[in-house]
Each structure stands twice: as C-alpha cells, then as structure tokens.
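Data first, discussion second: the structure below is written as structure tokens.
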Amino acid sequence: MYGRPLFLARVGGVAFAVTLISFALLARSTSRGQGQGTQRTARADTTALAAAAKRAAAGLRDAEAALALARAKRRAIAMQRDAISPEARARRDSLVAATAELTRLLERSDDAPLVASFRSLGTAAPMSGEPRVSQLLDSLNDLDKARSDFGSSDGVDPIFVALTARVGSIGHELEAVARARRAAMRREIESLTPPPIVGSTIDTVPLEATRDSAARMQTELAAQLATVRRVDSIARAREDDAPGVFGVGVATLMLAAAVVAAVIALAVALTLELRWPTVADVAEAELLSGTRVLVTIGKRIEEPDRQRRSSDREIPPSIEQSSDAYRLLYGQLADATFDLTVIAVAGDHPFVTVSVAGNLGAIAARSGRPTLLLDTDFRVQPVARMMGVPATPGVADVLAHRLGWAGAITSVLVSRGRSIDVLPSGVLTGTLQAVTEEFSAEVERLSRRYETVVLSASTPEQGTITVAAGAVGEAVICLRRGRSTHASLRAVLAALEASGARMRGIVLWDREDPVAPEVGWGRKRLELVG
C-alpha cells in the first residue's frame, strides 16, 4: 500500500468530495422537513460562567508560573553541581564526532568491502597515531597495485585470487583496529560525562498537584461554557432561519468528510493489497522466488562534481557513475576473473529493468571490456528511450535480414573515455517466438564479438522473456518494492523456468520508478556523438 501514495490520494480526494456533497444534500433535505414555526428558545446567561472560567484560567497561569520558577531554580542548582570545565567539554565533543566518523566508515566498509572503503577507513583522522595503521595501509596499497596487473587476465589466476583474499584480510585488520579505537574513545567519553543528579533540594510535587488541579478546573469550566455557547448559537441560528448543517460548523463537517475519505482510501488500498499482493521486503522476495536478493537499489545520491565536464553531461541520466550497489551486483555475478560474459535482466517494469541492465553494462565497460546492451521489448522500446538512441534500426531489422548487426549498433558514452554499444529493439512485425532460432544464433554470434552482453527483457508479451533468457542461459530478476505483484513475479519465474535459464538472483528496486528522459536530451546527445 505504501508504494502507491498518488493512487491513495486520488481515491481519498474523490471520496472526500462525494462525502461532503452528500452531507450538504442531506442537511438541506432535513432542514426542509422541519417546518417553519419553531419556538423561540430562551438564551442562557453565560456572564457568571465566563467570569468563573476567566478566574480559573488566571489561577492556572499563576500555578504554571510558580512551577516553572521552581524548575528553573532546580536546573540552576543541578548545573552548578554537574558543571565540567570547558576543556573537558570540548574534548568530549571532539571524541563524540570522531566516534561518529569511525562508525560511518565502518558501516561503509561492511556494506562495500572494497579497497577504497578500507583506504578511507585507514586514512581517517581518528585513526591517526595508530602505529599499526600505516603498516596496513602500505601493505594494502602494495597489494592493490600488484593485483591491478592481473585484473585484465582472461583465465582464473591463482595469484590474483590470493591477492584479493589478502586485501580482504588486511581490510578486516583495519576494521579491528578502528573498532578498538572507537571502544577506547567511548570509554574516555564515559569518563568525561558527569554522574547523574541524585536529588534536589527543591520539591516540585506540591506545585505540580496545584497546577493539575487548576488545569482540571479550567478545563471543566471551559467545556461547560463552550457547551452553553454552542446551544445558544444553535438556538440563535434557528431563530434567524439560518439552516444549520446537522447543528455543527463547516470545519467540523469537512473534518468528518476527511476522516471518511481516509477510511475509504485505506479500505480500497487494503482490498487491492489482498487481491493483488505486492512484494514488501527482501525476506518476502526471497521466500516467493526461492533465491536470494543480490542487492537493493536504494535512494540515488547525486554528485554535482560529476556534471562539471561536458563528457559527464553526455552520459545518459539513467547511468550512475558512483553507485556502490551496482558494483556489488557486478561482483556477485562475475566469475573468478571478474568477468561477466552474457546475462539477461528480466522484470515487470521496462525502465527499471533497463536502468539495472544499463548500469550493469556500464560497470563492465569501465573495467575495460567490450560491452553490448541489447533490447527485446519491441513495444515500449525502453533501451532506446533511456539511452537516447534511435529506436530503429535494431534487433528486429537484424532478425529480418534487412541489415547486419554492425549497422544497427550505436555507441553510448557511460564514463569518461568509456562507452558501450547499444542494440535497440526496433519494430518487429511478428513475435520473438517465431524467430527463436535466428535470435539465439545472433546472440551467440554477438557473445563471441563482445566480452559482456547484457540483455534487457522487460516485455509482458507472452513468450518473449522465455526466448530471451533461453538464448542467454542466465538471468537476473528486477522487483520493485511495494509495487511488483506476486502474480507478476510468478509469471517471470514461470517464463524463466520454461526457458531453462539459470536464475542468478534478484535485484530489489527501492526507489521511485524511473521515467524516460526528455526528447531534448536525446537529440543533444546524438548531435554530440555524431
């Protein structure tokens, strides 16, 4: 339910308008049936009651003022007893800030155990002065430099694997030193914190009791005065032939209509959730699919520094240049040589699927591998729209033998000096099932040309995901938290099972659904590429 706020707002708005109009029509029909000859009601005298309520309010103010004065005196005594020197307070504040920085860096290294995370942890200011840290940092830099020489190897190099394991162990040693340093800082913070106040010589219990008694009296008198005035106002309205709306004001009616609208909106949302349940979290996704969630794509962090150069502005908006989530996803899908050959990305939303597939291909391209992004959604054509390339020619033209795949591919910049080849879907007259053999042959031919081929399969057309995943052999499913239904997940799972492809895992999308960029951006990018 929480993933559809606009839908709930629309349902609530319609229910609010209908309820308010119903109240107005019912009030009009009721007022017409009451008759015209109502007796004049005697008006109540509220002078004495108002004076008593005013005296009660004055007594409440005096009691609150006396209680506030007593509490201020007690706080002053407590501050005198518990005051610490400015030097100790400054030392404690600096230790708290250093502890918070170490905690943030430790969480980052746990989420993304990379060399950059370990290096940031070791070079942090709170880690200065630790003799072991400089030695570990030197070892980490040497291992990273040595490992880079084996990064582009085609086979499984045992030296590269050993260096990678050694980098992880050194990172864990840095984390252990940081945790020990943080524990020492916390002990020092506790030593600088003054002991709690044991007691105070000023007793505020009697003043609080007086204040509460005055508040109760003032509340009772105010309620009585409000009741008498409300009855008097209703009688006056009847005398002036001003038809009331059930004897209450417009604001009360609007509040009642808002409550009814909220109840109706929640009831509709609950009904829809029970009829078409959605994936709520990681545990439910893993339970329904029988496989693990590889990574969760959370809120996107914008970096203004990435838009200073013209080459950065040429990159499609859907490509994230500094996302640790996609690097972690690529690391889990790649083999021992950190290479990802061919994989299909399937999902129930075309632009979410293309965003994941495009960023996965961008990570491979930044690693120096020739990469191809291929689209099989012939209806929405999301790859062409998200990457800013012409929708035709594409896969359909290659399968129809109108031209070769080299003439349908467009190069798109994904980083400074790095680009991927994009093969859009084009317009297919029939279905992909009718050309299954031709499509599988083309995918096999492209996999020999490119080191990494990422296939985006987001179309709801029957059999397309089955053909696409069957031609690739491995697939990843994209689910939207709070929006992907159980039925859509079961349909994708059935299609992958029918294809015989191996499901590598799930990518959980936990942000707003992306939209296609404006047409102006695509034209500008094409002019720059041309």
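The values are calculated or read from the model by the stated rules, or taken from the named source; none is laboratory data. Computed from a predicted structure; not experimentally measured. Backbone-built Cβ (ideal geometry, glycine too); neighbour counts: all protein chains shown.
Scanning region 327-362 for residues that are within 20 Å of the chain's Cα centre (by Cα), more than 18 Å from LEU489 (Cα to Cα) and of a type in the set (S, T, N, Q) yields SER355, ASN359. Look at (1) touching a residue at least 12 places away in the same chain (Cβ under 8 Å); (2) outside any strand (DSSP E or B) and you find that ILE420 fails only one, number (2). Please specify each residue of region 266-301 satisfying the condition of being of a type in the set (A, V, I, L, M, F, W, C) and surrounded by fewer than 14 Cβ atoms within 10 Å (Cβ to Cβ). Hits for region 266-301 are ALA267, LEU270, LEU274, TRP276, ALA283, LEU287, ILE301.
Scoring LEU106 on the criteria (1) surrounded by fewer than 17 Cβ atoms within 10 Å (Cβ to Cβ); (2) closer than 14 Å to ARG179 by Cα; (3) touching a residue at least 12 places away in the same chain (Cβ under 8 Å); (4) not small (Gly, Ala, Ser) leaves a single failure, condition (1).
Just checking, does region 455-470 include any residue being over 28 Å from the mean Cα position of the chain (by Cα), within 21 Å of THR291 (Cβ to Cβ), modelled with pLDDT under 90 and not in a helix (DSSP H, G or I)?
The first filter runs over region 455-470 and keeps only residues over 28 Å from the mean Cα position of the chain (by Cα), leaving 461-464, 466-470.
Restricting the remaining residues to those that are within 21 Å of THR291 (Cβ to Cβ) gives 466, 468-470.
When the remaining residues are screened for being modelled with pLDDT under 90, the result is 466, 468-470.
Next, from what is left, pick out any that are not in a helix (DSSP H, G or I): none.
No, region 455-470 contains no residue that is over 28 Å from the mean Cα position of the chain (by Cα), within 21 Å of THR291 (Cβ to Cβ), modelled with pLDDT under 90 and not in a helix (DSSP H, G or I).
Counting just the residues of region 89-103 that are closer than 11 Å to ALA178 by Cα and of a type in the set (S, T, N, Q), which one comes out surrounded by the most Cβ atoms within 10 Å (Cβ to Cβ)? So the residue we want is THR99. Evaluate region 401-413: report whether one residue or more is touching a helix residue (DSSP H, G or I) at 6+ places or on another chain (Cβ under 8 Å) and part of a loop (DSSP other than H, G, I, E, B). Taking every residue of region 401-413 in turn, at least one turns out to be touching a helix residue (DSSP H, G or I) at 6+ places or on another chain (Cβ under 8 Å) and part of a loop (DSSP other than H, G, I, E, B). Checking every residue in region 417-428 against the condition of being buried (at least 19 other Cβ atoms within 10 Å of the Cβ), within 28 Å of GLN332 (Cβ to Cβ), assigned by TED's automatic domain parsing to the domain that holds LEU508 and hydroxyl-bearing (Ser, Thr, Tyr) gives at least one match.
GLU497 meets all of the listed conditions (1) within 19 Å of LEU372 (Cβ to Cβ); (2) without any contact (Cβ under 8 Å) to a residue 12 or more places away in the chain but one, namely (1). The condition of being within 23 Å of ASP212 (Cα to Cα), part of a helix (DSSP H, G or I), at pLDDT 80 or above and in contact with a Leu (Cβ under 8 Å, 6 or more places away or on another chain) does not hold for LEU69.
Residues in region 456-490 that are at positive phi and touching a strand residue (DSSP E or B) at 6+ places or on another chain (Cβ under 7 Å): GLY473, GLY482.
Please go through region 364-383 and pick out each residue that is among the hydrophobic types (A, V, I, L, M, F, W, C) and either under 10 Å from ILE420 (Cβ atoms) or part of a loop (DSSP other than H, G, I, E, B) (or both).
Just the residues of region 364-383 that are among the hydrophobic types (A, V, I, L, M, F, W, C), to begin with: 364-365, 372-374, 378, 380, 383.
Residues satisfying the conditions are ALA364, ALA365, LEU372, LEU373, PHE378, VAL380.
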